[in-house]
Amino acid sequence: MVSGCLPSSCGKVEPRDLAPSDSLSRQLALSFVPDTLVKLWSSSENLAFPRTVQFAGENLFVADVRNSNVVSFNQSGNYQNSIAGEGWKFPYLAGGDTHAPFVYLPTLNRLDRIAGDTVEKVLDLPTTDNALTYAFGSGERIALKTLPKDGGGSILLYSTTSVEVLEFELSAPQWTHAGGIIVDADTVFSLRGFDRSIDVFFGEQPPQLRPLVGFDSPMLARAYSFRQGITSKPPLLSASAAFVDNRFFVMNMRPGWLRIDVYSRSGLLEALLVQPDPAFSKSFYPTDLDVIVMDDGYLIAVCYKEPTPQVTLFQWRPQ
């Protein structure tokens, strides 16, 4: 086997400079010994492109954007059923109540609920043409984050009776706010997937930027280079996060294997989690995670686009 490259690509040098805050985060991360997750099961049954995953009741739900449906498994990994509502296309799981998950339909600007074997409409949302959108509902509160291509954006809060409660304006540029959104009681957490931080909205107070202190990634130098105007595209540092038990579980994107960082509510690193037997693979892409608390620790569900479309359930018992 012989490998080679074009002269232009052979001369390419990856940036190595880090921001001072990134250097401090890296030093903190290096002081932690990673915990190895226990793999309970994995399934690819009836999955083509699993994009979001969510616990609800006794089941685990996976939204498949290629099949435009939601597939459910029990917590032993057995396939339960598949369900799709009228006009569904690119469904995203988006919170919900204890037993009934919400499904966000960006092409329909609508939020549906899966109740047993039926689908119910919850709320019609405003038209968001040419915008990157994220939605999440919990209890009586529903949040919608819209990021128009022309910059800026907003987070709109609704009740399930279609009443708009509050609006927060988001400053430009758009890319800094790209990432999922979580509603927890009176607090909204907005992940900055390209910017290793989380915006926190509480009540009617202005948003607070909460950096993830201890976040380390092989792509930090490239991210810093982008912020300096040296490179043209920011790397995705985190594709997903979950908030449970006053902890953030943040998917730390990196080539090769799964890593999840655990942070306190204030954003300070508490633990590093890795999959069993990590081995480098170029074709590796996790897309989402969800977490629930158990008596003896946490269950962590992760869905993957590559190397095989699948969902995997892990267990973590903190020492």
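Of the residues making up the range 276-317, those that are assigned to a loop (DSSP other than H, G, I, E, B) and at pLDDT 95 or above are 309, 317.
Going by the conditions given, is residue 32 of a type outside the set (Ser, Thr, Tyr), touching a Pro at 6+ places or on another chain (Cβ under 8 Å) and more than 20 Å from residue 116 (Cα to Cα)? No.
On the given criteria, is residue 97 acidic (Asp, Glu) and modelled with pLDDT under 90?
On the way: acidic (Asp, Glu): yes; modelled with pLDDT under 90: yes.
Yes, satisfied.
If I filter the range 188-200 for residues that are acidic (Asp, Glu), surrounded by fewer than 23 Cβ atoms within 10 Å (Cβ to Cβ) and within 20 Å of residue 318 (Cβ to Cβ), do I get at least one hit? The answer is no; no qualifying residue exists.
The single residue among 58, 45 that is farther than 21 Å from residue 136 by Cβ, of a type in the set (Asp, Glu) and in contact (Cβ under 8 Å) with a residue 24 or more places away in the chain turns out to be 45. Of all residues in the range 120-158, those that are within 13 Å of residue 96 (Cα to Cα) and either exposed (fewer than 14 other Cβ atoms within 10 Å of the Cβ) or not polar (S, T, N, Q) (or both) total 12. Given (1) hydrophobic (A, V, I, L, M, F, W, C); (2) buried (at least 18 other Cβ atoms within 10 Å of the Cβ); (3) within 16 Å of the chain's Cα centre (by Cα), identify the lone condition not met by residue 220. Result: residue 220 passes all but (3).
Whether any residue in the range 59-68 is modelled with pLDDT under 95, outside any strand (DSSP E or B) and among the basic types (Lys, Arg) is what I want to check. Within the range 59-68, not a single residue is modelled with pLDDT under 95, outside any strand (DSSP E or B) and among the basic types (Lys, Arg). Exactly one residue out of 255, 235, 206 is surrounded by fewer than 21 Cβ atoms within 10 Å (Cβ to Cβ), in contact with a helix residue (DSSP H, G or I) (Cβ under 9 Å, 6 or more places away or on another chain) and part of a loop (DSSP other than H, G, I, E, B): that is 235. Applying the selection to the range 180-190, what residues are assigned to a strand (DSSP E or B), out of contact with any helix residue (DSSP H, G or I) (no Cβ under 9 Å at 6 or more places or on another chain) and either closer than 16 Å to residue 135 by Cβ or among the basic types (Lys, Arg) (or both)? Hits for the range 180-190 are 181, 182, 183, 184, 188, 189.
The values are calculated or read from the model by the stated rules, or taken from the named source; none is laboratory data. Just so we're clear, the structure is a prediction, and the values are computed from it rather than from any experiment. Please note: Cβ atoms are built from the backbone with ideal geometry, for glycine as well, and neighbour counts cover all protein chains shown.
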